[in-house]
């Protein structure tokens with residue numbers, strides 16, 4: 001276990017929303033969502049996984065159990081809302097299934113629920129390391145719905161990530177398959193799967209199977225969005241969060 005850096009927004013004492021970032025991201029991923037949720041009354045906690053952001057960059061400790069132990073040491077076990085994006089969505093599901101976190105509401109944003117092998121994620125990270133732009137203009141060109149603040153955060157996260165650690169977490173924990181656990185997750189905590197129109201992590205066949213498993217309402221598809229729905233359509237994403245838990249009307 002290592003002491004993780006945690007970004008915060010909002011007043012202490014407010015209902016807690018924990019945000020778990022993706023495999024090449026860090027707390028800067030939430031640079032617009034965090035303040036927006038804070039305005040609504042949330043206390044937002046955005047821990048940075050080991051090897052990411054300002055958290056320690058260790059040579060090992062990237063297995064799921066250790067990553068969850070790191071998180072459990074710095075955020076409450078019973079947050080009002082738990083948000084997991086991409087690899088963070090995988091960790092959020094594992095945390096709920098293992099009883100590490102017991103949130104009142106769960107948001108899974110284009111989660112990596114299925115990783116069939118270690119080769120594909122290794123190749124994905126190698127591509128990202130080589131080809132993703134390291135400047136704001138190039139990042140915005142790839143993500144036309146983002147703001148400059150979003151793009152600056154992404155550039156920062158790519159500068160700070162420990163690529164070996166990211167590979168150990170993303171590929172080293174594979175293969176995994178949580179698709180069959182969707183109904184159990186939904187039965188444990190009110191959940192929304194927030195997905196882009198086309199996802200490399202949740203393909204159309206999996207979306208259809210998910211709707212069969214949990215019903216239509218928990219599956220929210222935002223057709224014009226890409227992998228980072230909270231950046232591409234912040235208003236829609238916030239609406240999904242508050243549909244499950246709204247500090248303005250909840251006790």
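Derivation of every value follows stated rules applied to the coordinates shown; laboratory data play no part. Because the structure is a prediction, the values reported are computed rather than measured. A quick note on method: Cβ atoms are made from the backbone with ideal geometry, for glycine too, and the neighbour counts reach across all protein chains shown.
Would you mind calculating the relative contact order of region 1-142 from Cα pairs under 8 angstrom and at least 6 residues apart, reporting the percent as a whole number?
24 percent
To the nearest Å, what is the center-to-center distance of region 226-240 and region 196-225, using C-alpha atoms only?
Measuring centre to centre over Cα atoms gives 15 Å.
From the gyration tensor of the Cα coordinates in region 90-133, what semi-axes in whole Å does the equivalent ellipsoid have, largest first, with each one equal to sqrt(5λ)? Intermediate values should be presented prior to the final figure.
Values: eigenvalues 155, 33, 12 Å².
After scaling each eigenvalue by five and taking roots: 28, 13, 8 Å.
Only bridges whose two residues both fall in the chain count here: according to DSSP, what percent of them are antiparallel, nearest 5?
Around 25 percent of the beta bridges assigned by DSSP in the chain are antiparallel ones.
Remind me, relative contact order of the chain in percent, using alpha carbon pairs under 8 angstrom and six or more residues apart?
Working: 501 pairs, mean separation 55.8, N = 251.
Rounded, it is 22 percent for the chain.
How much mean residue ellipticity at 222 nm does the chain get from its helices, if each DSSP H run of length 4 or more adds -39500 (n - 2.57) and you divide by all residues, to the nearest 500 deg cm²/dmol?
-11500 deg cm²/dmol
Looking only at 228, 29, 199, which one moves most when the chain is put into a Gaussian network model with springs between Cα atoms under 10 Å?
199
Determine which residues of region 155-172 fall in the zone a paramagnetic label at residue 100 would reach in this model, i.e. backbone nitrogen under 16 Å from the point 7 Å along Cα→Cβ.
Correct set: 166, 168-172.
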